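Just so you know, all these numbers are worked out from the coordinates, no wet-lab data involved. Everything numeric here is computed off the predicted structure, so don't read it as measured data. A quick note on method: Cβ atoms are made from the backbone with ideal geometry, for glycine too, and the neighbour counts reach across all protein chains shown.
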Amino acid sequence: MALRETHGPFEGTMSIVYHCLGCGYSMAMLTNRMETQMVRSLGVKIGGQTRAASPMEMLRSNLQGKREEIPAPGQAGAASKCPFTGVVVEAFNSGSMQWTDEAKARIERIPEFVRPMVQRSAEDYARQHGHDLVDGAVMDAMRGQAGRQDSGGH
Amino acid sequence: MKTYHDIAADGGSDVIGQVAEQMARLQDRLAQVDHVVAVMSGKGGVGKSTVTAVLSEALTALEYRIGVVDADINGPSMARMTGVRRHTPIPDGGGMQPAVSATGVKVMSMDLFLPQDATAVLWHAPTQNHAYTWRPMVEMAALRELIADTAWGTLDIMLADLPPGSDRLPNLADLVPDLSGAVVVTGPTAVSQMVVARSITAATQVADVPLIGIVENMATYRCPSCGHQERFLAPASGGESLGEAHGIPFLGRIPFDPRLALAADDGEPFLARHADSPAGHAIMALAARIQHYLYQ
Ligand SMILES: Nc1ncnc2c1ncn2[C@@H]1O[C@H](COP(=O)(O)OP(=O)(O)OP(=O)(O)O)[C@@H](O)[C@H]1O
Ligand SMILES: [Mg+2]
């Protein structure tokens, strides 16, 4: 399974699509505004709490307009206001691969907001097809497959 | 495509485990607190916060280690009334440092997190529309954190100043299952007593919290020039009959005293300067009644 794309967060709604590079099977995680907010209100993390909670973590990360001297809890990212971002960030960051200069240059040209997603898909594709580095050929092949899938329609 | 119904349990997030962990943290903290006493009233503005502030001072004078948690998340006033608004809580070890008042009372309040007098208590959300669906949950979580994540140390008594109404007491009782009891504050008017009566019923029937007794506040007024004392409004003692009707002890009445309002506004200890006044005597008598209830 590779993380394929995310939409949002937009006003509390977000969708995260995972897909299988072998057969194209896709699975989407959908959140809606009320669910996200209710989960956030509980002070729990989706995907599980990966570190001990710091004191008044819910209060410090969710209160708007708090005193400046009060530090935000934990590391940035880890203590995101959104209970779902932890799993997504983790998915993006797990296991990185070598890139050729050419492939690096190509990924740099992709708009920043989709870059991590494409990067991750390329690495997953390379791994699935027995490559230990991402080069221009891997990216071409991945593009070809994505094109086929898209034209396959839904 | 896998759907919502195909997801087993909570998908590995262990939400129940995380909530259990939160409650365990709360229990660990409360293990160092002998008694938790709520100060409540169905009616607003009857003096719950003022009574909490002077009671904390009186109990400190009786040599108890006292903490005050401001359970009024949206209208916090304990930091001001105890004169500690300048304290900003910072994380220290396992908890946030509480403020300490001039008389040694440890205080934790939402007010200590807010930058300005007029800053509203707002929570990050994609939209504030339909906040009724989640806001009570955030307030409950905030109250849990104010109690569980404050480095109170060892306390004999923790006083909780509740907002008006009858919905916060069951929340507190959920968080603190062995709540020692609640002190009910009422005003002198019939309207006040009617509203308070409803909250008493809710407290006993829904929250199942033992009621220590009723305090009637601002019922009498003493002329500062000649010392003549009279009832403010109602001719008879409503607080006393309210207690009788519900089988709850009447703990006494605190007279109206402008110096009490001034002390609360300025965050100055009241008893330190006016212990020898009718209001001072009434407050000390109230503290003694509560002491008796808790320690027999
Ligand atoms: N015995 C008293 N004599 C004089 N003033 C008093 C007395 N008790 C309370 N006050 C004043 O009455 C006002 C309301 O009191 P307080 O804020 O304690 O009420 P409350 O019940 O906590 O209100 P809320 O429902 O908003 O939480 C305050 O300005 C306070 O100083
Ligand atoms: Mg109050």
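Side notes on the structure shown:
- Order of B:GLU21, A:GLU112, A:GLU123 under a 10 Å beta carbon neighbour criterion, fewest first: A:GLU112, B:GLU21, A:GLU123
- Residues B:LEU26, B:LEU162, arranged from fewest to most other Cβ atoms within 10 angstrom of their Cβ, appear as B:LEU26, B:LEU162.
- Estimated FRET transfer efficiency (B:THR201, B:TYR132; beta-carbon r; R0 35 Å; 0.05): 0.90
- Relative contact order of the stretch B:59-186, defined on C-alpha pairs under 8 angstrom at six or more residues apart (%): 36
- Sorted by Cβ neighbour density within 10 Å, fewest at the top, the residues B:GLU268, A:GLU69: A:GLU69, B:GLU268
- Electrostatic bookkeeping for B:GLU230 treats Lys and Arg as +1 and Asp and Glu as -1; over the other residues with beta carbon under 13 Å from its beta carbon, the sum is +3.
- Sum of -39500 (n - 2.57) over DSSP H runs of 4+, divided by residues of the protein assembly as shown (222 nm, nearest 500): -11500 deg cm²/dmol
- Inter-site label distance for A:PHE113 and B:GLN291 at 7 Å from Cα along Cβ, in nm: 6.5
- For chain B, the longest principal axis of the C-alpha atoms and the axis of helix B:48-61 are separated by about 80°.
- Using C-alpha pairs below 8 Å separated by at least 6 residues, the relative contact order for the stretch B:159-293 is 21 percent.
- Among beta bridges that DSSP assigns inside chain B, antiparallel share in %, nearest 5: 20
- Counting, for every residue in B:13-26, the Cβ atoms of other protein chains within 10 Å of its Cβ and taking the mean gives 4.
- For the stretch B:18-60, the square roots a ≥ b ≥ c of the C-alpha gyration tensor eigenvalues yield an a/c of 1.5 or more together with a/b not exceeding b/c, which makes the shape oblate.
- The protein assembly as shown - Debye-derived log10 I(q)/I(0), Cα point model, q = 0.06 Å⁻¹: -0.37
- By average C-beta atoms within 10 angstrom, highest first, the peptides B:38-48, B:147-157, B:199-209: B:38-48, B:147-157, B:199-209
- Legend: calculated FRET efficiency, B:ASP34 to A:ALA137, from the Cβ-Cβ distance at R0 = 51 Å, rounded to 0.05, equals 0.10.
- Average other protein chain Cβ within 10 Å of Cβ, residues B:192-205: 0
- Stretched out straight at 0.36 nm per residue, the stretch from A:GLN145 to A:GLN128 would grow longer than its current Cα-Cα span by 4.8 nm.
- With contacts taken as Cα pairs under 8 Å and at least 6 residues apart, chain B reaches a relative contact order of 24 percent.
- A simple spin-label model places pseudo-atoms 7 Å from Cα toward Cβ; at B:ILE90 and B:VAL191 they are separated by 4.7 nm.
- Neighbour net charge for B:VAL51 - beta-carbon separation under 14 angstrom, K R +1, D E -1: -2
- Mean partner shielding of peptide A:31-39, defined as the number of other chain Cβ atoms within 10 Å of each residue Cβ, is 4.
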